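Asks: Handing you this structure, nothing more for now.
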Amino acid sequence: MKQRVSELSGRSCPQVLGIDEHFFSRKKGYATTLVDLKHHKVFDVVLGRSEPSLRRYLSRLQGREQVKVVVMDMSDTYRQIVRKYFPNAKIVADRFHVVRLVNHHFLKLWQQQDPEGRKHRGLLSLMRRHRWNLTQDQQIRLMQYLERYPVLRALYQAKQRLMHFLLLKTLNAKRARKMLPRFLALIEQFANSPAKALANTLTSWLEPIVGMWRFSKSNGITEGFHTKMEMISRRAFGFRNLRITACGSWPCAVGTV
């Protein structure tokens with residue numbers, strides 16, 4: 001293992017990088033995972049998730065200038081880190097987290113409009129799903145409910161149009177420029193509605209979100225590695241001191257002290 005770590009210590013940063021945090025241990029706190037999304041390999045795992053805790057590691061990282069794309073969730077902390085330590089990288093938002101953010105805001109608005117309807121599990125399932133995935137009977141039942149709440153109906157329809165934009169990918173530059181004015185007009189519509197907070201967030205992350213249209217990679221690979229690490233921790237049973245190490249293309253190794 002020492003020989004393998006020595007071989008990998010001089011590696012250069014991958015061109016397409018995924019970055020995310022995960023809970024490491026109660027004693028050590030959180031760690032940051034860097035993943036080579038192009039080759040589906042863990043590049044490194046570093047303790048800490050703030051700029052001061054990662055400063056020493058990132059300042060010594062070789063090949064930071066050659067990173068072209070960094071995929072990440074909507075974390076202001078990581079966005080500032082990428083801008084400072086990866087100057088030539090374009091930030092691309094992770095599609096899953098953007099969609100989850102929109103759903104979170106919409107459910108809060110639904111709670112404000114109809115607190116009792118929000119508790120109905122059947123309606124909750126219909127509201128969360130994309131409209132084009134609903135059967136005709138399900139669409140009729142949902143529309144009958146929304147007819148009683150005009151504001152909620154307008155928000156629901158705007159959210160469905162927003163989802164069409166968020167699911168776009170692998171667009172060329174010409175088509176992306178053509179879609180952008182319509183996307184901005186939709187955000188403006190949210191800004192003039194009860195969903196103003198959502199509009200502000202989308203505006204703040206506009207460039208990384210539009211980057212999703214051109215780029216097909218996501219942080220799902222990084223989340224998958226986190227799941228494996230958590231599974232190893234759970235299967236360690238009663239071991240009190242657990243160390244999980246991810247080195248390059250090697251699978252996660254477990255050591256106990």
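Asks: Among the residues of segment 60-69, write down those that are surrounded by fewer than 16 Cβ atoms within 10 Å (Cβ to Cβ) and in a helix (DSSP H, G or I).
Replies: Glu65, Gln66
Asks: Kindly evaluate Leu171 against the criterion of being assigned to a loop (DSSP other than H, G, I, E, B) and touching a residue at least 12 places away in the same chain (Cβ under 8 Å). Reasoning before the result, please.
Replies: Details: assigned to a loop (DSSP other than H, G, I, E, B): yes; touching a residue at least 12 places away in the same chain (Cβ under 8 Å): yes.
Spelling it out, Leu171 is indeed assigned to a loop (DSSP other than H, G, I, E, B) and touching a residue at least 12 places away in the same chain (Cβ under 8 Å).
Asks: May I ask you to say which residue of Lys169, Lys174, Lys228 is among the basic types (Lys, Arg), out of contact with any Ser or Thr (no Cβ under 7 Å at 6 or more places or on another chain) and not assigned by TED's automatic domain parsing to the domain that holds Asp20?
Replies: After applying the criteria, what remains is Lys174.
Asks: Looking for something surrounded by fewer than 13 Cβ atoms within 10 Å (Cβ to Cβ) and either touching a Leu at 6+ places or on another chain (Cβ under 8 Å) or not in a helix (DSSP H, G or I) (or both) - is there at least one such residue anywhere in segment 91-114?
Replies: No, the conditions are met nowhere in segment 91-114.
Okay, residues lined up against (1) part of a helix (DSSP H, G or I); (2) out of contact with any helix residue (DSSP H, G or I) (no Cβ under 9 Å at 6 or more places or on another chain); (3) surrounded by 21 or more Cβ atoms within 10 Å (Cβ to Cβ):
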{"site": "Arg55", "(1), (2), (3)": "yes, no, no"}
{"site": "Leu58", "(1), (2), (3)": "yes, no, no"}
{"site": "Val71", "(1), (2), (3)": "no, no, yes"}
{"site": "Thr77", "(1), (2), (3)": "yes, no, no"}
{"site": "Gln80", "(1), (2), (3)": "yes, no, no"}
{"site": "Lys84", "(1), (2), (3)": "yes, no, no"}
{"site": "Pro87", "(1), (2), (3)": "no, no, no"}
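Asks: Would you point out the residue of segment 35-52, among those that are under 16 Å from Asp73 (Cβ atoms) and out of contact with any Lys or Arg (no Cβ under 6 Å at 6 or more places or on another chain), that is surrounded by the most Cβ atoms within 10 Å (Cβ to Cβ)? Step through it out loud before you land on a result.
Replies: Narrowing segment 35-52 to residues under 16 Å from Asp73 (Cβ atoms): 35, 37, 49-50.
Keeping just the survivors that are out of contact with any Lys or Arg (no Cβ under 6 Å at 6 or more places or on another chain) gives 35, 49-50.
Values: Val35: 27, Arg49: 22, Ser50: 14.
Among those that are under 16 Å from Asp73 (Cβ atoms) and out of contact with any Lys or Arg (no Cβ under 6 Å at 6 or more places or on another chain), it is Val35.
Asks: Okay, next question. With Val70, Val102 as the choices, which residue is under 17 Å from the mean Cα position of the chain (by Cα) and closer than 20 Å to Arg11 by Cβ?
Replies: Numbers: Val102 fails: closer than 20 Å to Arg11 by Cβ.
Of Val70, Val102, the one residue that is under 17 Å from the mean Cα position of the chain (by Cα) and closer than 20 Å to Arg11 by Cβ is Val70.
Asks: Could you list, in sequence order, all residues of segment 185-207 that are more than 19 Å from Lys108 (Cα to Cα), over 18 Å from the mean Cα position of the chain (by Cα) and surrounded by fewer than 13 Cβ atoms within 10 Å (Cβ to Cβ)?
Replies: Ala185, Glu188
Asks: Quick one: which residue in Gln144, Gln138 is assigned to a helix (DSSP H, G or I), without any contact (Cβ under 8 Å) to a residue 60 or more places away in the chain, exposed (fewer than 11 other Cβ atoms within 10 Å of the Cβ) and not assigned by TED's automatic domain parsing to the domain that holds Gly63?
Replies: Values: Gln138 fails: exposed (fewer than 11 other Cβ atoms within 10 Å of the Cβ).
Selected residue: Gln144, the only one of Gln144, Gln138 that is assigned to a helix (DSSP H, G or I), without any contact (Cβ under 8 Å) to a residue 60 or more places away in the chain, exposed (fewer than 11 other Cβ atoms within 10 Å of the Cβ) and not assigned by TED's automatic domain parsing to the domain that holds Gly63.
The values are calculated or read from the model by the stated rules, or taken from the named source; none is laboratory data. Everything quoted here is computed from the prediction, not taken from an experiment. Glycine also receives a Cβ, built like all others from the backbone with ideal geometry; neighbour counts cover every protein chain displayed.
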